[in-house]
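Enquirer: One structure, as structure tokens, below. Some questions next.
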Amino acid sequence: MSKERARILYIDDEDNNLKAFKASFRRDFEIYTVSDANEAYRLLDEIEIHVALADQRMPKVSGVDFFEKIQKKHPDVVRILITAYTNSQTIIDAVNKGKINQYVVKPWDPQNLKNIIDSSYEAFRVKKELKIKNEELIKTNDELNRFVYSASHDLRAPLMSILGLVELSRLEKGNGDPYVYLDMIERSVQKLDSFIQNIIEYYQNARAESNHGQVMFESLVQEVVETLKNTDPTVNFHINVQQDAPFHSDEFRIHVILSNLISNAIKYQKNDASNPEVDIMIKSDAQKAIIQIKDNGVGILQEHLESIFKMFFRTKTLNRTPGTGIGLYIVKEALSKIGGEIKVHSVYGEGTSFELVLPNLSN
Amino acid sequence: MELPYIMLVDDNEIDLFLHEKLIRLSGISEHIVHFTTAREALESLAKNTVIPNIILLDIQMPEMDGFDFLKVYEQMTHINKENTRIFMVSSSLDFGDISKAKANPLVAEFIKKPLNVKELKDLLEK
């Protein structure tokens with residue numbers, strides 16, 4: 001994370017103080033000076049302020065009152081009270097009500113105040129980083145829980161099928177048709193294997209560093225389709241790529257996204273489809289790329305549309321190879337890494353269409 | 001003694017095949033119907049007057065799982081629940097799922113996959 005400049009708000013009713021403050025520190029910090037509390041509230045709503053300084057003696061709202069008021073809405077802002085009068089009640093209120101972090105006595109010494117602001121900003125940054133790390137931990141933990149739950153079923157189910165088949169062969173003492181059982185064992189093994197591959201793909205995607213480079217959509221789409229089309233040779237592909245400008249993004253992630261979506265479009269065709277089709281349309285310019293992947297397959301039930309991007313969520317499929325519930329989750333994760341968005345539209349029994357917008361990161 | 005009428009509900013077709021075979025081989029029953037979705041099984045229960053004596057119900061199924069099945073089944077007033085025993089079946093080791101299955105008053109027993117013929121026979125013929 002690159003260290004950004006500290007954003008400082010200073011509120012004081014005396015214009016000269018504001019000017020002096022700005023003159024002293026304008027090279028060190030991004031400074032916002034206001035003389036009125038209402039203006040300060042508005043500013044705090046619009047700009048993420050890191051450190052706020054307030055003069056205690058102001059005609060309408062005192063510094064302590066000001067801090068007390070912003071506490072709830074902006075709890076992370078580091079609060080510094082500046083005052084010329086050290087009266088003990090003010091100090092008590094400042095600590096108890098205003099929950100101030102620092103107390104500065106006027107007239108302030110520029111070097112000293114700079115040090116105070118520096119360390120306040122550092123405190124803000126550490127607190128914020130901790131918050132982000134905590135959120136990541138909650139997410140990882142949640143994924144782990146889902147994973148353990150899913151492992152106890154999805155990883156185990158094919159193994160238990162195989163064990164059952166072994167038991168059955170033993171019971172029949174060689175009287176059954178071994179090839180039927182071998183087929184079933186093979187199917188179970190493939191199911192387990194695709195689940196494992198998906199999990200590995202997910203973690204590779206989650207961990208991989210972003211690697212920005214030029215993306216040539218035409219060749220990328222051709223490559224993905226080429227690899228996938230053998231899984232169902234009956235599907236007709238319509239590919240329409242219009243790339244008007246060089247496009248910069250993370251090619252690996254776009255590859256992952258396209259592979260998953262196109263693979264789904266092939267997999268979730270109707271069993272008896274007479275003309276299974278997958279339409280891929282890409283239009284990109286200097287700002288963004290719009291990608292549409294549309295199929296005339298089984299579609300998704302309306303009530304499932306909200307859940308399809310969750311880890312290990314599966315909808316009932318009308319064909320024999322149900323998904324592992326991880327593909328679209330990978331898509332969403334990959335999209336969040338390159339700042340893209342996805343929308344889905346589907347009619348059950350008629351087909352599904354995904355529309356993606358990816359920002360061109362060349363700027 | 002008349003052999004029981006058995007319904008199997010499981011989204012995994014291999015397991016359906018397996019369970020049906022095991023039940024036949026062990027001589028538990030010859031009268032078996034099976035469904036790959038809870039919805040189809042419920043539809044069959046709703047329109048038929050002959051109700052199975054035993055239902056082997058898988059827990060994890062997409063769209064409508066075993067527990068969802070039980071909620072609808074409970075509302076079916078034309079079925080005398082005394083005459084039908086439901087066994088929940090799963091390969092899951094999830095403590096929550098197993099406890100939930102065992103706690104449900106409609107469920108006679110929880111059975112772990114893979115099904116063992118002897119265990120199955122003992123349970124179903126009890």
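The values are calculated or read from the model by the stated rules, or taken from the named source; none is laboratory data. Note that the structure is predicted; figures quoted are calculated from it, not measured. Neighbour counts are summed over all protein chains in view; Cβ atoms, including those assigned to glycine, are modelled from backbone coordinates with ideal geometry. For the accessible areas, the whole protein counts, side chains as well, though only heavy atoms, and no ligand, DNA or RNA atoms are used. Shrake-Rupley method; radii C 1.70, N 1.55, O 1.52, S 1.80 Å.
Enquirer: Within region B:92-102, does at least one residue satisfy the condition of being away from chain A (no Cβ under 14 Å), open to solvent by less than 20 Å² (accessible area, probe 1.4 Å) and closer than 21 Å to B:LYS126 by Cα? Before the answer, list the steps.
Expert: Step one: list which residues in region B:92-102 are away from chain A (no Cβ under 14 Å), which gives B:102.
Imposing the further condition that a residue be open to solvent by less than 20 Å² (accessible area, probe 1.4 Å) reduces the set to none.
No: region B:92-102 contains no residue that is away from chain A (no Cβ under 14 Å), open to solvent by less than 20 Å² (accessible area, probe 1.4 Å) and closer than 21 Å to B:LYS126 by Cα.
Enquirer: Could you please let me know if A:ALA94 is crowded, with 18+ Cβ neighbours inside 10 Å and either modelled with pLDDT under 95 or not aromatic (Phe, Trp, Tyr) (or both)?
Expert: Details: crowded, with 18+ Cβ neighbours inside 10 Å: yes; either modelled with pLDDT under 95 or not aromatic (Phe, Trp, Tyr) (or both): yes.
Yes: the conditions hold for A:ALA94.
Enquirer: A follow-up question, please. How about region B:44-75: which of its residues are touching a residue at least 24 places away in the same chain (Cβ under 8 Å), more than 14 Å from chain A (Cβ to nearest Cβ) and charged (D, E, K, R)?
Expert: B:GLU74
Enquirer: Quickly run through region A:156-177 and pick out the residues that are more than 9 Å from chain B (Cβ to nearest Cβ) and surrounded by 13 or more Cβ atoms within 10 Å (Cβ to Cβ). Spell out the reasoning first.
Expert: Initially, region A:156-177 is screened for residues more than 9 Å from chain B (Cβ to nearest Cβ), giving A:169-170, A:173-175, A:177.
Matches in region A:156-177: A:SER169 only.
Enquirer: Further question: Evaluate region A:248-255: report whether one residue or more is among the polar types (S, T, N, Q), surrounded by 22 or more Cβ atoms within 10 Å (Cβ to Cβ) and touching a residue at least 24 places away in the same chain (Cβ under 8 Å).
Expert: Filtering region A:248-255 down to residues among the polar types (S, T, N, Q) leaves A:249.
If we keep only those that are surrounded by 22 or more Cβ atoms within 10 Å (Cβ to Cβ) too, we end up with A:249.
Subsequent filtering for residues that are touching a residue at least 24 places away in the same chain (Cβ under 8 Å) retains A:249.
Yes, that holds for at least one residue.
Enquirer: Given the conditions (1) aromatic (Phe, Trp, Tyr); (2) assigned by TED's automatic domain parsing to the domain that holds A:LEU43; (3) under 13 Å from A:HIS50 (Cβ atoms), report the number of the one that A:TYR121 does not fulfil.
Expert: That leaves (2) as the condition not met.
Enquirer: If you don't mind, there's one more thing I want to ask. Listed residues B:VAL33, B:VAL9; which is open to solvent by less than 30 Å² (accessible area, probe 1.4 Å) and β-branched (Val, Ile, Thr)?
Expert: Values: B:VAL33 fails: open to solvent by less than 30 Å² (accessible area, probe 1.4 Å).
None of the others qualify; the one that does is B:VAL9.
Enquirer: On to the next question. Pairs, please: C-beta under 8 Å, at least 6 apart or cross-chain, first residue modelled with pLDDT under 90 and in region B:1-14, second part of a loop (DSSP other than H, G, I, E, B)?
Expert: B:LEU3/B:ILE28; B:LEU3/B:SER29; B:LEU3/B:GLU30
Enquirer: Looking only at region A:55-93, how many residues end up being within 22 Å of A:GLU39 (Cβ to Cβ) and either without any contact (Cβ under 8 Å) to a residue 24 or more places away in the chain or under 42 Å from the mean Cα position of the chain (by Cα) (or both)? Full working, then the answer.
Expert: Here is the first cut: in region A:55-93, the residues within 22 Å of A:GLU39 (Cβ to Cβ) are A:55-83.
Subsequent filtering for residues that are either without any contact (Cβ under 8 Å) to a residue 24 or more places away in the chain or under 42 Å from the mean Cα position of the chain (by Cα) (or both) retains A:55-56, A:61-82.
Counting residues in region A:55-93 that are within 22 Å of A:GLU39 (Cβ to Cβ) and either without any contact (Cβ under 8 Å) to a residue 24 or more places away in the chain or under 42 Å from the mean Cα position of the chain (by Cα) (or both) gives 24.
Enquirer: So which residues in region A:1-54 are of a type outside the set (Gly, Ala, Ser) and more than 29 Å from A:GLU129 (Cα to Cα), if there are any at all?
Expert: Restricting attention to region A:1-54, the residues satisfying the condition of being of a type outside the set (Gly, Ala, Ser) are A:1, A:3-5, A:7-19, A:21-22, A:25-34, A:36, A:38-39, A:41-51, A:53.
Passing the criteria: A:ASP12, A:ASP13, A:GLU14, A:ASP15, A:ASN16, A:ASN17, A:LEU18, A:LYS19, A:ASP36, A:ASN38.
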